[in-house]
Structures are given as structure tokens and as C-alpha cells.
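Novice: I'd like to ask some things about the structure below.
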Amino acid sequence: MSEEVKEAVVEEQPQDVMASTVHNPDDPVVSAKTLLDAGCHFGHRVSRWNPKMKQYIYGKRNNLHIIDLNKTAAQLQDAYQTLKDIVSKGGKVLFVGTKAYAQKAIQEEAVRSGSFYVSHRWLGGTLTNFHTVAKRIALLRTLEQEELNGELEKLPKKEAAAKLHLKEKLSQNLEGIKEIRNLPQAIVIVDPKAEHNAIAEARLLNIPVFALGDTNTDPDIIDYLVPANDDGEASIRIVVGLLADAVVEGKGGEPLYAYKDAATATATMGEMLKGVDPNEQTKAIRAKLRDDAIAMRKNGKRVARKKFVKKTNGRSFNKNDANKQEKSEAVAEEAPVAEAAAEVATEESK
């Protein structure tokens, strides 16, 4: 090929392919307004908070803490750049989120970014006892190969069914880390309270922890905390998606959620909250209060039944009594929502 032809080919090729995927570290990854639209500002009930999170809380509204999203955006900026640097140096990332609202986002964003994930159940020792877990992964791969080759069909039905059952059980817990060979260099967590075992193992091994945490989180155990609503699907999706974008950009790809806001200026939380649709806000508050009530029941913090028995002066607790008590609890849970609606109506009248 002559020199003239070579020069022509070079001129036809794009000169700066990576320019669209490599951004200035000072560019804002996401705006506070985008986070607000996703409902990231709703914290837990005022009674369910960790005082160490006070620096990230803007105020209270309808018995809920409101998170300062300007600080969330700043925290995300730091987490994004750090995670991108880790991946650009060849690091691997593990996404962890086993609560129902987080499972789908964790799976999809981890797959999109080419990372590992745990979305069903965190097995104790996944990191600290990695060699044993690696043996279970090897067993899963063997069973899958036997099924693919038709070897299970040659076995007696009972034995084949037992192996298939074992394969499904292993796959449920290990599918997202089936291809892992070494310990990850970073771990992304949704809800540190729920995934405390994963965080404890990561800290023992000095693996950086990037976490989406609500107002009940202990920030001291997190290396890179993103304070935001960890119960809403939209909130989890945007934050996990942004951290997955950091992995994608670290590998030289194009982010999906990051850098999509043209405006770099951030408004105050008060100004942004004034622009929220009151009806949508009331629905979001209702959902958050309901999720909190469910969480409190699961944690064994609700003792309404014992109080009811005490008030009945020793009467036997029958089914009718239980139904009455459930109704009274439901009314009590709806009270903050009614207060929210009243406050919205007052603001509209002004």
C-alpha cells in the first residue's frame, strides 16, 4: 500500500474515537434535579435514623427525613470518579443488592457493565472464604456441562432430578459470580443495613465499599457513601446505573445515565421541592411510609399486639380482636399521609 493510500485511509477513520467517552473529572456526573425526579430525597421515618447521617439531611416533612440532594450529587461525583479509576486500572466490581426493590436493577446494571453481582442471597464467606465458594462455583459449572452434554438423561430419574435441583439452587445464589476468578477490587452495595455481612467481609479484606444508603445508615463503615432513598425502584435504578456507568466509562464505553444534564448549576433543595407535583409527592410519601412500616414489622419492632392484649385486661386474644387491631394499625399508618395531604392543600391555598 502506497503512502498516499495510507494517508487517505487514516483521514477517513475517526480521529478521536474516545473523545465522546472520556469526560473531564470536573464535569458534573448528575444534577440534583435528576435525583429529585427519581425520588432520591425521601429518607426513612424520623424515628428510624442514624444521627451520624445528620450532615446529609436537609430537613423533615410529614414524619420523613428529606435528604439534601446537592450533597448526594457531590458524593456521587466522588464515588463515580474513584470507581472509574479502579476499573481503568483493570479492577473488577461486584454489585450486591438482595432486597426485592434492588434485585432487577442490580442484575441488569451489573450485566450491562460487565461486572459480577449477587442479587438473591449473600452467602457467608463469599469473600473471606473465597476458596470454598470457588469450589461450589466449579460444581455448578460441572452440573451445567453435564446437563448440556445430555449426561443427566442417562442417569436414573431420581438421581437426575436431585442433580437438577442442586444446580438450580446453586445457580440462584451463584449465577452472578459464576465467572469470577479472583476477589473483586470494589463492591457496590444497595442498603448497607441489609447487606451488613457483605460490608463486614469487604472491610476485612480492605475492599473499597461504594454504597447507596438511606438515613438509617452508619456512614463510618462505608468508604464512598451515596445518601439517597434505598427503598424506591427509581432511586435505586438511577444511583446503581450511575455507578455502573463509572465501570463502563472506566472500560472505555459510553455512559447511559451520566453527563446527560446540560445545566451545571444546582438549585437549593427548597427551590427544587417547590417545583414538585403535590399529588406525586403525596403518593411517594405514602409508599415510603408503607415500606418503613413493613421494615419495622420484619425487624420485630412492632409490639402493637402485646399492647392490645394488655388493654383487654387479660381477655383471650381471638381472631376478631386481631382483625380490629390490624384495622387500627392501618389507620395509624395512614395518619402521616393524611397530614401530608393537608399540608399540600394548605400550601396550594396560599
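Novice: Output the residue which, of all residues in region 127-142 that are β-branched (Val, Ile, Thr) and surrounded by 14 or more Cβ atoms within 10 Å (Cβ to Cβ), is farthest from Arg181 (Cα to Cα).
Specialist: Among those that are β-branched (Val, Ile, Thr) and surrounded by 14 or more Cβ atoms within 10 Å (Cβ to Cβ), it is Thr128.
Novice: While we're looking at this one, here's another question. Given (1) at pLDDT 90 or above; (2) touching a helix residue (DSSP H, G or I) at 6+ places or on another chain (Cβ under 7 Å), identify the lone condition not met by Glu146.
Specialist: Looking at each condition in turn, Glu146 falls short on (1).
Novice: Check region 205-222 and report whether any residue there is more than 28 Å from Ile67 (Cα to Cα) and either under 17 Å from the mean Cα position of the chain (by Cα) or of a type outside the set (Lys, Arg) (or both).
Specialist: For region 205-222, residues more than 28 Å from Ile67 (Cα to Cα) and either under 17 Å from the mean Cα position of the chain (by Cα) or of a type outside the set (Lys, Arg) (or both): present.
Novice: What are the residues in region 64-81 that are closer than 16 Å to Gly39 by Cβ and in contact with a strand residue (DSSP E or B) (Cβ under 7 Å, 6 or more places away or on another chain), if any?
Specialist: Leu64, His65, Ile66, Ile67, Asp68, Thr72, Leu76
Novice: Is there any pair with a first residue in region 133-151 that is under 15 Å from Gln172 (Cβ atoms) and a second that is hydroxyl-bearing (Ser, Thr, Tyr) and at pLDDT 90 or above whose Cβ atoms are under 9 Å apart and which are 6 or more apart or on different chains, and what are they?
Specialist: Taking only residues 6 or more apart or on different chains, the pairs are Val133/Thr126.
Novice: Among what's in region 165-182 and is of a type outside the set (Val, Ile, Thr) and touching a strand residue (DSSP E or B) at 6+ places or on another chain (Cβ under 9 Å), pick the residue that is surrounded by the fewest Cβ atoms within 10 Å (Cβ to Cβ).
Specialist: Here the residue is Glu179.
The values are calculated or read from the model by the stated rules, or taken from the named source; none is laboratory data. As the structure is a prediction and not an experimental result, all values here were calculated from the model. Here the Cβ is made from the backbone with ideal geometry for all residues, glycine too, and neighbour counts use every protein chain on show.
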